[in-house]
Amino acid sequence: MKTSEDKFKITYKGKEIELPVYQGTQGPDVVDIARLYKETGLFTYDPGYRSTASCKSDITYIDGNAGILQYRGYPIDQLAKNGNFMETCYLLLQGELPTKAQYDEFEIDIMKHSMLHEQLIKFYSGFRRDAHPMAILVGVFGALSSFYHTDLDIDDPISRNQSTVRMLAKMPTIAAMAYRYSLGRTFVTPKGDMSYAGNFLRMCFANPMMPYEQDEVLTRAMDRIFILHADHEQNASTSTVRLASSSGANPYACVAAGVVSLWGPAHGGANEAALNMLKEIGTVDRIPHYIERAKNKEDSFRLMGFGHRVYKNYDPRAKVMQETAHEVLKHKGIDDPLLDVAIELERVALEDDYFVQRKLYPNVDFYSGITLRAMGFPSSMFTVMFAIARTVGWVSHWREGITEPDQSIGRPRQIYMGPTERDYTPMSERG
Ligand code: SDX
């Protein structure tokens, strides 16, 4: 980090202090407040961390005002249109696009570790058949730390690489098995000669009684959806993984914590919530009523798949997602009325002052549900697929955080608003 020539000065209770300002390679400068409490007795107050940079990172850059998203400097639309998810995983983990030899070695390594331990598979039978697949993902993925004791030494680079490969390799298998379990169908094991996305679709939809024919258009769409969801800077689930790993917790447990945070409807659960919202709206003529509900502060209804903490412009992923929705629906010969509702809802909202003034645009979750439904998935699986894709982002940030020389346990403070000191009274005197 470069130190800016500009200083940040504040005067508090007659005392002036000067704090250093650092510059990254792009994006806002940051003021280093490490000395603030010691020199002024002040904490900063920033619930939701709207103005707080929690760490240094080389991985992903977002410019929310310009609608820019880059993985290691490469624009997301270029990666989504020209590359594939395994290549993106290598890029996020290693910092550079792989050579052909590096790519082949990486892909084979991932495939070799995509099977599950037979004892781990027994975990599924303990769940109800109607268990939400995200609940199964949290439980089964978290249990990986009880199977791979050699991976748990986070200070050993070999151990870190082993757990990295196992987490990327096993997440889609765990996810596909959660889907098959909910249907009461046999599990389908991964095949070493299929792509990451193709294997996932086959593990979900293959009928063991029949030959499986891979659909190239759907496989390409799945791969692209994985690329779009792979990483996104310090979002809630990635920050959860970083905070969990700052205590030295093992990587499987840290990524399971990321799955938990992603599940919320304000975050990765928004794709499931967005489709449910479109189903509730149902037809284009009901859009004005729901737009008014979304604007009404007394009403908890929100336009799911709309708005973003960082993007105050169109989410670049949403554009690619919308194109993919059209592509998949056309390929499947589906004329989904919910797509018409989504397109009209977007048009009406983007012309409405309430959304324009607040810079609320469709985000990555707005069109993904329509696409995934057309591919044959139930809405309960939508966030599971987000988790499959985001595993590489969580793991990349986990690796970056624990190898940071000045890494220390994340421990925020607070502004205390509770009772001041008072004496204990015996229960007999409490009336
Ligand atoms: C993801 O962080 C990431 O990078 C996440 C993600 C990733 O890849 O990891 O991009 C993935 O989580 C995308 C976001 C998915 N969530 C949703 O689609 C849920 C619906 N969106 C909202 O809940 C909301 O927009 C958030 C949670 C996404 C962002 O909330 P913020 O930044 O806290 O924004 P805010 O609540 O301060 O909103 C500012 C104003 C408020 O109104 P005022 O108080 O100014 O009058 O905009 C309003 C909000 O009420 N608003 C909405 C709205 N989103 C914000 N009003 C109606 N519908 C909405 N969707």
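The values are calculated or read from the model by the stated rules, or taken from the named source; none is laboratory data. Note that this is a predicted model, so its numbers are computed, not measured. Because the Cβ atoms are built from the backbone with ideal geometry, glycine has one as well, and the counts that use them run over all protein chains shown. Calculation scope for accessible area: heavy atoms of the full protein, side chains included, ligands and nucleic acids excluded. Shrake-Rupley method; radii C 1.70, N 1.55, O 1.52, S 1.80 Å.
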Practice prompt. Check R50 against each of (1) farther than 25 Å from L243 by Cβ; (2) modelled with pLDDT of 95 or more and name the one condition it does not meet.
Written response: (1)
Worksheet item: When residues of region 184-212 are filtered for being outside any loop (DSSP other than H, G, I, E, B) and either among the aliphatic types (A, V, I, L, M) or not assigned by TED's automatic domain parsing to the domain that holds T173 (or both), how many remain?
Response: 3
Worksheet item: Only one residue in P211, P190, P172 is at negative phi and open to solvent by 40 Å² or more (accessible area, probe 1.4 Å), so which one is that?
Response: P211
Discussion item. For region 226-241, check the following and say yes or no: at least one residue is in contact (Cβ under 8 Å) with a residue 40 or more places away in the chain, of a type in the set (D, E), touching a Gly at 6+ places or on another chain (Cβ under 6 Å) and under 29 Å from V310 (Cβ atoms).
Written reply: yes
Worksheet item: K297 passes all but one of (1) out of contact with any Ser or Thr (no Cβ under 9 Å at 6 or more places or on another chain); (2) open to solvent by 30 Å² or more (accessible area, probe 1.4 Å); (3) more than 9 Å from the ligand (Cβ to nearest atom); which number fails?
Response: (3)
Discussion item. Quick check on my filter: what residues within region 249-279 are touching a Leu at 6+ places or on another chain (Cβ under 6 Å) and either away from the ligand (no atom under 11 Å from the Cβ) or open to solvent by 40 Å² or more (accessible area, probe 1.4 Å) (or both)?
Written reply: N250, Y252, V259, L278
Response to the item:
Taking region 205-248 and keeping residues within 16 Å of the ligand (Cβ to nearest atom) and within 30 Å of R185 (Cβ to Cβ) leaves R224, I225, F226, I227, L228, H229, A230, S237
Discussion item. Taking the criterion of being away from the ligand (no atom under 13 Å from the Cβ), hydroxyl-bearing (S, T, Y), out of contact with any Leu (no Cβ under 8 Å at 6 or more places or on another chain) and within 27 Å of A318 (Cβ to Cβ), would at least one residue in region 69-76 satisfy it?
Written reply: no
Worksheet entry | Matching residues in region 299-354 - criterion: being acidic (D, E), touching a residue at least 60 places away in the same chain (Cβ under 8 Å) and under 24 Å from R224 (Cβ atoms) | D315, E327
Item to complete: Just give me the residues in region 63-117 being assigned to a loop (DSSP other than H, G, I, E, B), of a type outside the set (A, V, I, L, M) and open to solvent by 30 Å² or more (accessible area, probe 1.4 Å), in sequence order.
Response: N65, R72, G73, N84, E96, T99, H113, H117
